[in-house]
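Engineer: Got a structure for you, written out below as structure tokens; questions coming shortly.
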Amino acid sequence: MAFAAYGVRGPLKLAVGHGPFALANNHLCRGWRPPSSYAVSRASSANISSNAVRHMVRHSHLVAPSSERRRSNTKASAVDGSIVAEERITVLVIGGGGREHALCYALNRSPSCESVLCAPGNVGIAQSGDATCVSDLDISCSDDVISFCHKRRVGMVVVGPEAPLVAGLANDLVKAGIPTFGPSSEAAALEGSKDFMKKLCDKYNIPTAKYRTFMDPVEAKQYVNDQGAPIVVKADGLAAGKGVVVAMTLDEAFEAIDCMLVQGSFGSAGSQVIIEEFLEGEEASFFALVDGENALQLESAQDHKRVGDGDVGPNTGGMGAYSPAPIVTEQLKRMVMESIIIPTVKGMAAEGCKFVGVLYAGLMIEKKSGLPKLIEYNVRFGDPECQVLMMRLESDLAQVLLSACKGELGQVSLTWSPEIAMVVVMASEGYPGSYKKGTIIKNISNAEQVSPAVKIFHAGTALDGDGNLVAVGGRVLGVTAKGKDIEEARERAYAAADVIDWPEGFFRHDIGWRALKHKQIAN
């Protein structure tokens, strides 16, 4: 399967909005500033080219062993858009969770990648050999990261988490001449402020749920009372995937408003809230790489946000995922690109802050209309969706991401494995609430030997003083497997999860149920 990029050049039709964002010269990005808790440096928001690598990008299959890859340059015909790399590059991945482990895994398989570094990384990344971890690099200090990149001759930085992006790390790296995959702090407002994202949707006619923004709890409660339940309450800023409450009753909505606006449970992230209509339907995750002007869609994925089997309990950062998602048909992909992704890329450019990085659109496929609406944007790869996407990607990830940094995605197409991938997240007991740290995990290596198609990504692990692997996070492991169909991928993932000896951990037992339901209906 190969996907090509969408160009977004051409006339931009602006929506006739309302309020302060109706004026074309009232730039959303230029007017937005991150919360004061972030130390943001100002710099150009446009990523620059690397002088170290001249290339054309292909959808190369990653089958060469590491030793062979490091001995020879990658060369092939330009007819099919193949790579002609003058030298392989060193890539630095910023972050230390399951998403970053998956990115390191894919980059380590890239023929154009000489070596992969990860800061701070985690013990699973280091032990797997997917990257060399740099645990002592202070990723919150741009000067330290820049100095490290110059010292180690890093050819590209890939920023995994959202917080460094909102804080302006990409701005500083780009200003220093280091190709960086990830948006500027101004463009990262798409995730850093849900109010910003909603106003962009208003201005550029991007379909989303009806909403209002509030800072006063009394006014917010009155609006909820007028609208009725179910209704959705969201913290405006970054809340580690926990700032969304789907309130099925008025009391639940009032409690969420008090939690955010009165008690300040999310700090500055909850200083204002977005109250939006409840959309009934099926959620899906849609990803597109963006170079400021071109957008390249990735394969589809679908995750499971609720903590418990049967989609019950509070929302989490994700308890499992699979790719592709049957609900995301080819027709729906085109619809999402044309009605959501492309208008966003155009709108961000028109507002003076071109977006460079990955757009992760959380979608609701409405039950009544079957049409997609944008729930929210993330400006980085999703976790756990990143695990299943990187398991299926067959293209040279390093070259693809470097093309985005250089504004050359128009030349790129992607190749994906036709197999299904599924990940089951193992979490610490008590998550997404309080949980105990330091519990011992055993039999990881045995679990990975269940099948060659199994890969375990580490999200929250460390070594204790006795050398035991221990859990130090809420979501700890991503047990991932590929198969010829959803049943085989599911069987392999759960077989591996069952081998892992971790009494204090838990996982959902119904990951993939929607895909199975779609298959049953189709048959």
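Engineer: Among all residue pairs at least 6 apart or on different chains, which show Cβ distances below 7 Å where the first residue, located in the stretch 382-393, is open to solvent by less than 10 Å² (accessible area, probe 1.4 Å) and the second is of a type in the set (D, E, K, R) and in a helix (DSSP H, G or I)?
Structural biologist: Cys386/Arg99
Engineer: Out of all the residues in the stretch 304-323, is one or more of a type outside the set (Val, Ile, Thr), in contact with a Ser or Thr (Cβ under 7 Å, 6 or more places away or on another chain), at negative phi and modelled with pLDDT of 95 or more?
Structural biologist: Looking through the stretch 304-323, at least one residue is of a type outside the set (Val, Ile, Thr), in contact with a Ser or Thr (Cβ under 7 Å, 6 or more places away or on another chain), at negative phi and modelled with pLDDT of 95 or more.
Engineer: Filter the stretch 318-345 down to the residues that are open to solvent by less than 10 Å² (accessible area, probe 1.4 Å) and touching a residue at least 60 places away in the same chain (Cβ under 8 Å) and list them by number.
Structural biologist: Selection gives Gly318, Met319, Gly320, Ala321, Tyr322, Ser323, Ala325, Met337, Ile340, Ile341, Thr344, Val345.
Engineer: So, one more: Counting only residues that are outside any strand (DSSP E or B) and surrounded by 17 or more Cβ atoms within 10 Å (Cβ to Cβ), how many does the stretch 452-466 have?
Structural biologist: 3
Engineer: Another one. Go through (1) modelled with pLDDT of 95 or more; (2) crowded, with 18+ Cβ neighbours inside 10 Å; (3) out of contact with any Ser or Thr (no Cβ under 7 Å at 6 or more places or on another chain); (4) among the hydrophobic types (A, V, I, L, M, F, W, C) for Ala515 and report which single condition fails.
Structural biologist: Of the numbered conditions (1) modelled with pLDDT of 95 or more; (2) crowded, with 18+ Cβ neighbours inside 10 Å; (3) out of contact with any Ser or Thr (no Cβ under 7 Å at 6 or more places or on another chain); (4) among the hydrophobic types (A, V, I, L, M, F, W, C), the odd one out for Ala515 is (1).
Engineer: Taking the stretch 280-334 as the search range and keeping residues that are in contact with a strand residue (DSSP E or B) (Cβ under 7 Å, 6 or more places away or on another chain) and β-branched (Val, Ile, Thr), which one is nearest to Glu487 (Cα to Cα)?
Structural biologist: Looking at the filtered set, the residue picked out is Ile327.
Engineer: Sticking with this structure for a sec: Return the residues of the stretch 109-133 that are open to solvent by 50 Å² or more (accessible area, probe 1.4 Å), in a strand (DSSP E or B) and more than 13 Å from Gly95 (Cα to Cα); say none if nothing qualifies.
Structural biologist: Residue satisfying the conditions is Glu114 alone.
Engineer: Right, something else. Which number in (1) in contact with a Pro (Cβ under 9 Å, 6 or more places away or on another chain); (2) within 26 Å of Gly474 (Cβ to Cβ); (3) of a type outside the set (Val, Ile, Thr) marks the one condition that Cys104 misses?
Structural biologist: (1)
Engineer: Tell me whether the stretch 329-345 contains one or more residues that are in contact with a Ser or Thr (Cβ under 8 Å, 6 or more places away or on another chain) and not small (Gly, Ala, Ser).
Structural biologist: Yes, because at least one residue in the stretch 329-345 is in contact with a Ser or Thr (Cβ under 8 Å, 6 or more places away or on another chain) and not small (Gly, Ala, Ser).
Engineer: While we're on this one: Would you tally the residues in the stretch 270-293 being over 18 Å from Pro372 (Cα atoms) and open to solvent by less than 10 Å² (accessible area, probe 1.4 Å)?
Structural biologist: So the answer is 7.
Engineer: Of all the residues that make up the stretch 228-242, how many are modelled with pLDDT of 85 or more and closer than 16 Å to Tyr377 by Cβ?
Structural biologist: 4
Engineer: Would you be able to say whether some residue in the stretch 340-355 is within 24 Å of Gly95 (Cβ to Cβ), basic (Lys, Arg) and in contact with a Leu (Cβ under 8 Å, 6 or more places away or on another chain)?
Structural biologist: no
Engineer: Tell me yes or no: at least one residue of the stretch 264-286 is part of a helix (DSSP H, G or I), modelled with pLDDT under 90 and touching a helix residue (DSSP H, G or I) at 6+ places or on another chain (Cβ under 7 Å).
Structural biologist: For the stretch 264-286, residues part of a helix (DSSP H, G or I), modelled with pLDDT under 90 and touching a helix residue (DSSP H, G or I) at 6+ places or on another chain (Cβ under 7 Å): present.
Engineer: Restricting attention to helices (runs of 4 or more DSSP H) lying wholly within the stretch 383-449, give those where 3 or more residues are more than 23 Å from Gly318 (Cα to Cα).
Structural biologist: Hits in the stretch 383-449: 397-405.
Engineer: Now for a separate question. Might you check whether a residue that is assigned to a helix (DSSP H, G or I), within 25 Å of the chain's Cα centre (by Cα), charged (D, E, K, R) and at pLDDT 95 or above occurs anywhere in the stretch 483-492?
Structural biologist: Checked against the condition, which is being assigned to a helix (DSSP H, G or I), within 25 Å of the chain's Cα centre (by Cα), charged (D, E, K, R) and at pLDDT 95 or above, the stretch 483-492 yields at least one hit.
Engineer: Is it true that some residue in the stretch 333-352 is in a strand (DSSP E or B) and not small (Gly, Ala, Ser)?
Structural biologist: No; the residues of the stretch 333-352 include none that is in a strand (DSSP E or B) and not small (Gly, Ala, Ser).
Engineer: Given Ser193, Ser185, which one is crowded, with 21+ Cβ neighbours inside 10 Å and under 28 Å from Ser147 (Cα atoms)?
Structural biologist: That would be Ser185, the only listed residue that is crowded, with 21+ Cβ neighbours inside 10 Å and under 28 Å from Ser147 (Cα atoms).
Engineer: Can you tell me which residue within the stretch 354-371, out of those that are in a loop (DSSP other than H, G, I, E, B) and touching a Pro at 6+ places or on another chain (Cβ under 8 Å), is least open to solvent (accessible area, probe 1.4 Å)?
Structural biologist: Phe355
Engineer: Oh, and also: Out of the residues in the stretch 152-176 that are part of a helix (DSSP H, G or I) and basic (Lys, Arg), state the one that is surrounded by the most Cβ atoms within 10 Å (Cβ to Cβ).
Structural biologist: Only one residue tops the list, namely Lys175.
Engineer: Next question, about the same structure. Could you tell me whether Ile511 is assigned to a strand (DSSP E or B), under 17 Å from Gly320 (Cα atoms) and either touching a strand residue (DSSP E or B) at 6+ places or on another chain (Cβ under 6 Å) or aliphatic (A, V, I, L, M) (or both)?
Structural biologist: Here the answer is no, as Ile511 does not meet what is asked.
The values are calculated or read from the model by the stated rules, or taken from the named source; none is laboratory data. These figures come from a predicted structure and were not determined experimentally. Glycine also receives a Cβ, built like all others from the backbone with ideal geometry; neighbour counts cover every protein chain displayed. To get the accessible areas, we keep the full protein, side chains included, count just its heavy atoms, and leave off ligands, DNA and RNA. Shrake-Rupley method; radii C 1.70, N 1.55, O 1.52, S 1.80 Å.
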